[in-house]
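Please read the structure below before turning to the comments.
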Amino acid sequence: MRALVLSGGEGSRLRPLTHTQAKQLIPIAGQPILFYALEAIRDAGIADVGIVVGSTGEEVRAAVGDGSRWGLAVTYIAQDAPRGLAHAVMTAADFVRGEPFLMYLGDNVLLEGVERFVREFERTRPDAQILLTRVAEPEHFGVAVLDGERVVRLVEKPVSFLSDVALVGVYLFDDSILEACATLEPSARGEYEITEAIQYLIDHGRSVRAELVSGYWKDTGRPEDLLEANRMLLAAREPTMAGDVDAGTSIEGPVAIAPGARVRASRLLGPVAIGPGCLVEGSVIGPDVSLEDGCTVVGSTIRDSILMAGCTVTDVDGLEGSILGRNVDVRHSRGDRAHRLVVGDQSRVEVD
């Protein structure tokens, strides 16, 4: 079996963060979102991976390389524009033809991994297997109508209620999906919809089965989704204490401190992850905070936030629910007010 990872979307709902970086490379809980997908694929025993890339392809190539760090062999597949999931499959037709494959959306987080679903697909060998989860607002998702494990109908973002089970961004196919994708026309939103391709399989008597995920899943398409995924993944991390923490610092709850990080006279309220080369001084960090490589936090209080590499936060009392891009500088705030910021790379913000 091969894997196809989609990493070509432009992330318009995450601007300004995605003006200067690929959305799949935004870090949560200490590493880029895309890396969690690659780890899950490796853990499922799949080694041959195609990554569909678009305008941010060079950045993705630089981050992932040849895949050897995960024991994977990576092939890059260029997509001319993000025209829908089925278009990505057609773009990768030469890579997937002749073998069953796992398709994984590179901005999705599935906490339990995919090994169980891969083994079940190998055991039952349907033409397609989709992953589902129950959602409170099915009108925002592609949804499935089921008869037991058998899928009888799929609808993209239904106007009226049909079902509360939504498609998770992980699919398993044999190459009959190529035949289905080749029949499609662009939908009303101008995309080639994978739900329509799967519906074609159903309508032509092919076997399409469903599996419900048992753990946490999130499509990290909006800032609030990134923060939620960050909370969940931080809670799942193993605590580590590889950095330099002085006697004046107190730690409560699970904390991961990377080598080269320094923490002085501070309070850490886990779950918290502090990356290599960070300096935290006279500050309260956490819960649910991820500091990426080389961040500096002095005299500040930060909760429920992601700070990307090289950020500096100085004398900020009450940074909360925030995402700071790379090398952002935020300073000069005092008082009891909480500040929520989503700031793109290379910015400087002064908050009074």
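The values are calculated or read from the model by the stated rules, or taken from the named source; none is laboratory data. Computed from a prediction, not measured in an experiment: that's the story for all the values here. Positions of Cβ are generated from backbone atoms using ideal geometry, with glycine treated the same way; all protein chains shown enter the neighbour counts. Side chains included, ligands, DNA and RNA excluded: accessible areas come from the protein's heavy atoms. Shrake-Rupley method; radii C 1.70, N 1.55, O 1.52, S 1.80 Å.
Mind checking which residues of segment 247-283 are touching a Cys at 6+ places or on another chain (Cβ under 9 Å), aliphatic (A, V, I, L, M) and not in a strand (DSSP E or B)?
Answer for segment 247-283, where residues must be touching a Cys at 6+ places or on another chain (Cβ under 9 Å), aliphatic (A, V, I, L, M) and not in a strand (DSSP E or B): A258, A261.
Report, by residue number, each residue of segment 306-322 that is surrounded by 24 or more Cβ atoms within 10 Å (Cβ to Cβ) and part of a strand (DSSP E or B).
I306, L307, V313, V316, L319
So for segment 91-109 (the condition being at pLDDT 95 or above, farther than 26 Å from E156 by Cβ and buried (at least 16 other Cβ atoms within 10 Å of the Cβ)), does at least one residue qualify?
No, there is no match, as no residue in segment 91-109 is at pLDDT 95 or above, farther than 26 Å from E156 by Cβ and buried (at least 16 other Cβ atoms within 10 Å of the Cβ).
If I ask for residues that are surrounded by 24 or more Cβ atoms within 10 Å (Cβ to Cβ) and either aromatic (F, W, Y) or closer than 21 Å to I33 by Cα (or both), which ones from segment 264-283 would you list?
P271, V272, A273, I274, G275, C278
Of the residues in segment 284-299, how many are surrounded by fewer than 24 Cβ atoms within 10 Å (Cβ to Cβ) and in a loop (DSSP other than H, G, I, E, B)?
The qualifying residues number 4.
Taking strands (runs of 3 or more DSSP E) that do not extend beyond segment 103-153, which have at least 3 residues that are in contact with a Ser or Thr (Cβ under 6 Å, 6 or more places away or on another chain) and within 23 Å of D164 (Cα to Cα)?
Strands (runs of 3 or more DSSP E) meeting the threshold: 142-147.
Among the residues of segment 75-100, what is the count of those that are among the polar types (S, T, N, Q) and part of a helix (DSSP H, G or I)?
Qualifying residue count for the region: 1.
For R134, state whether it is at pLDDT 90 or above and either open to solvent by 50 Å² or more (accessible area, probe 1.4 Å) or of a type in the set (D, E, K, R) (or both).
Answer is no for this residue.
Could you grab me the full set of residues in segment 189-209 that are aliphatic (A, V, I, L, M), open to solvent by less than 20 Å² (accessible area, probe 1.4 Å) and assigned to a helix (DSSP H, G or I)?
Scanning segment 189-209 gives I194, A197, I198, L201.
Looking at the structure I just gave you, is L172 part of a strand (DSSP E or B), touching a Pro at 6+ places or on another chain (Cβ under 8 Å), surrounded by 21 or more Cβ atoms within 10 Å (Cβ to Cβ) and in contact (Cβ under 8 Å) with a residue 40 or more places away in the chain?
yes
If a residue has to be within 18 Å of Y36 (Cβ to Cβ) and open to solvent by less than 20 Å² (accessible area, probe 1.4 Å) to count, how many in segment 71-90 make the cut?
1
Sort out which residues of segment 323-333 are buried (at least 19 other Cβ atoms within 10 Å of the Cβ) and farther than 21 Å from A229 by Cα, and write them in order of number.
Matches in segment 323-333: V328, V330, S333.
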